[in-house]
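Student: The structure under discussion is supplied below as structure tokens; questions concerning it will follow.
The values are calculated or read from the model by the stated rules, or taken from the named source; none is laboratory data. Just so we're clear, the structure is a prediction, and the values are computed from it rather than from any experiment. Cβ sites come from the backbone with ideal geometry, for glycine too, and all protein chains shown count toward neighbours. Just so you know, the surface numbers come from the protein's heavy atoms only, side chains and all, with ligands and any DNA or RNA stripped out. Shrake-Rupley method; radii C 1.70, N 1.55, O 1.52, S 1.80 Å.
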Amino acid sequence: MKTQFFCPMWGMESLPFAEAAKRVKTAGYDGMEIAAGPGKRKEAVQTMRDNGLEVILMAFGGGADFAEHKQKFRDDLLDVASNKPLFINSHTGHDYFTFEQNAELIQVADEVAKQTGVKILHETHRGRFSYSAPAIQYYLLKLPNLRLTADYSHWVNVAESYLTDQAENVNRAIAVSDHVHCRVGQPEAPQVSDPRAPEWANALETHARWWDAIRTRLQRANAPALTVTCEFGPAPGYLPTLPYTNQPVASQWDINVFMKDFLKKRWSV
């Protein structure tokens with residue numbers, strides 16, 4: 001089973017796609033994960049492929065009410081899928097939608113995937129239907145075809161713990177997680193300040209064991225590949241900054257390269 005590492009466009013939006021692609025290729029990534037608007041998706045995909053990179057595209061909903069959100073979600077998925085990315089990573093629904101409403105959106109994604117032949121995964125993310133380890137359990141039990149992008153850093157933040165008392169919940173998610181966002185969260189934030197720092201060694205190892213388990217499951221299933229996006233976020237917000245100067249405490253780029261190299265070494269790939 002091959003392991004493919006992706007770099008997020010998030011944090012590099014000021015760069016033209018061609019410049020970002022060259023930087024990412026030189027750093028040893030296999031592709032990019034990109035949240036691009038409808039007018040930019042074709043250019044993004046073509047530019048990455050011209051540079052020998054794979055492409056994961058992202059999709060989002062929107063709208064003033066559920067009916068509008070559902071229509072926009074379908075339209076967005078169809079437009080993203082028309083560009084034939086490796087797959088779509090979807091930010092699906094809202095934590096304040098009912099189970100039935102979020103299930104309708106997941107059904108929309110299933111329909112689009114069947115119609116277009118493009119796989120759609122649903123990211124575990126705050127504010128979405130998948131915002132916490134307990135909240136997603138009913139979906140996993142009732143929707144057996146549900147497939148996830150694993151970003152458990154959000155769950156750590158929501159639970160204000162490293163989920164040691166929720167092993168069964170996490171294991172059910174691991175069983176259906178096909179793509180990894182290797183961001184390291186901590187109980188008071190979805191992202192540690194710098195995973196290279198010794199004070200975050202236990203947080204890094206906790207997340208890495210979850211990623212190990214996903215990789216092992218896919219290996220045993222004879223999956224062709226595991227995809228991993230090294231998705232520590234930029235400042236301000238995800239990456240902490242110093243007061244008054246607003247200077248980031250570390251380099252987002254360097255952290256993401258570190259995460260790629262850390263997992264390559266850990267998995268001997």
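Student: Just to make sure I understand: if all protein chains stay in place, what is the order of V180, V249 by accessible area at 1.4 Å, largest first? Before the final figure, lay out each step's value.
Tutor: On the way: V180 0, V249 70 Å².
Heavy-atom accessible area, descending, gives V249, V180.
Student: Using only the alpha carbons of the stretch 9-56, determine the length spanned along each of the three principal axes and report them from longest to shortest in whole angstroms.
Tutor: 28, 20, 15
Student: Straight-line reach from K260: which lysines fall under 23 Å, measuring Cα to Cα and dropping same-chain residues less than 8 apart?
Tutor: K2, K22, K25
Student: Another question, then. So what's the stretch 188-255 giving for Cα Rg divided by 2.2 N^0.38 Å, two decimals? Before the final figure, lay out each step's value.
Tutor: Values: Rg = 15.2 Å, N = 68, 2.2 N^0.38 = 10.9 Å.
Relative to the rule-of-thumb radius for its length, the stretch 188-255 sits at 1.39.
Student: With +1 on each Lys and Arg Cβ and -1 on each Asp and Glu Cβ, and nothing else charged, work out how big the dipole of the chain is about its Cα centre, in Debye to the nearest 20.
Tutor: Numbers: 29 positive and 31 negative charges, 193 e Å.
Using only the charged Cβ atoms, the result is roughly 920 debye.
Student: Skip the ligands, DNA and RNA, and give the accessible area per residue of the chain with a 1.4 Å probe, whole Å². It would help to have the intermediate numbers written out before the result.
Tutor: On the way: 12020 Å² over 269 residues.
Normalised by residue count, the accessible surface of the chain is 45 Å².
Student: Report the one residue of G63, Y131, N89 whose Cα lies farthest in the direction of the positive end of the charge dipole of the stretch 14-157 (charges on C-beta: Lys and Arg +1, Asp and Glu -1; origin at the Cα centre).
Tutor: N89
Student: When Lys and Arg each count +1 and Asp and Glu each count -1, what net charge do the other residues less than 12 Å away from F232, Cβ to Cβ, add up to?
Tutor: Working: positive: R183, R196, K260; negative: D151, D194, E231, D254.
So the surrounding residues net to -1.
Student: May I have the pair-distance distribution P(r) for the stretch 74-212, computed from all Cα-Cα distances with 5 Å bins from 0 and rounded to whole percent?
Tutor: For the stretch 74-212, the pair-distance distribution reads 2, 10, 20, 22, 18, 13, 8, 5, 1, 0.
Student: Cα extents of the stretch 1-150 along the three principal axes, largest first, in whole Å?
Tutor: Sorted largest first, the three principal extents are 44, 33, 28 Å.
Student: What does the charge add up to near F258, with Lys and Arg as +1, Asp and Glu as -1, over the other residues with Cβ less than 10 Å from its Cβ?
Tutor: Numbers: positive: R196, K260; negative: D194, D254, D261.
That sum, taken over residues with Cβ under 10 Å, equals -1.
Student: Still on this model: Picking from Q4, F99, I120, whose Cα lies most toward the positive end of the charge dipole for the chain (charges on Cβ: Lys, Arg +1; Asp, Glu -1)?
Tutor: Q4
Student: In addition: Please give the per residue volume of the convex hull enclosing the alpha carbon atoms of the chain, rounded to a whole number of Å³. Please report the intermediate quantities before stating the final value.
Tutor: Working: hull volume 36.7 nm³, N = 269.
Output value, Cα hull per residue: 136 Å³.
Student: How long are the semi-axes of the ellipsoid equivalent to the stretch 56-131, from square roots of 5 times the Cα gyration tensor eigenvalues, in whole Å, largest first?
Tutor: Values: eigenvalues 74, 32, 22 Å².
One finds semi-axes of 19, 13, 10 Å for the stretch 56-131.
Student: Okay, moving on. How large is the dipole of the stretch 85-219 about the Cα centre if only Lys and Arg carry +1 and Asp and Glu carry -1, each at its Cβ, rounded to the nearest 20 debye?
Tutor: Details: 12 positive and 16 negative charges, 88 e Å.
For the stretch 85-219, the charge dipole is close to 420 debye.
Student: May I pose another question? Tally Lys and Arg at +1 and Asp and Glu at -1 over the other residues with C-beta under 14 Å from the C-beta of K142: what net charge comes out?
Tutor: Values: positive: R172; negative: E100, E104, D110.
Around K142, the surrounding residues sum to -2.
Student: Ignoring ligands, DNA and RNA, what percent of the accessible area of the chain is carbon or sulfur (1.4 Å)? Provide the component values of the computation, followed by the final result.
Tutor: Working: 6060 of 12020 Å².
The nonpolar share, carbon plus sulfur, comes to 50 percent.
Student: I've got another one for you. Among the aspartates and glutamates, which have Cα under 13 Å from the Cα of K42 when same-chain residues fewer than 8 positions away are ignored?
Tutor: D50, D79
Student: Still on this structure: Note down the relative contact order for the chain as a percent, whole number, built from C-alpha pairs under 8 angstrom at least six residues apart.
Tutor: Working: 471 pairs, mean separation 45.1, N = 269.
Computed over the chain, the figure is 17 percent.
Student: Leaving out ligands, DNA and RNA but keeping every protein chain, what accessible area does K72 have, in Å² rounded to the nearest 10, with a 1.4 Å probe?
Tutor: Answer for K72: close to 100 Å² accessible.
Student: Related question: Normalised by the number of residues in the stretch 1-107, what is the relative contact order in percent for Cα pairs under 8 Å and 6+ residues apart?
Tutor: On the way: 147 pairs, mean separation 23.0, N = 107.
Result for the stretch 1-107 is 21 percent.
Student: Further question: Could you give the alpha-carbon Rg of the stretch 153-233 over 2.2 N^0.38 Å, rounded to two decimals? Intermediate results must be reported in sequence, preceding the final value.
Tutor: Working: Rg = 12.7 Å, N = 81, 2.2 N^0.38 = 11.7 Å.
Against the empirical 2.2 N^0.38 Å value, I get 1.09 for the stretch 153-233.
Student: If you average the C-alpha positions of the stretch 20-93 and of the stretch 101-160 separately, how far apart do those two centres end up, in angstrom?
Tutor: Each part's Cα centre sits 17 Å from the other's.
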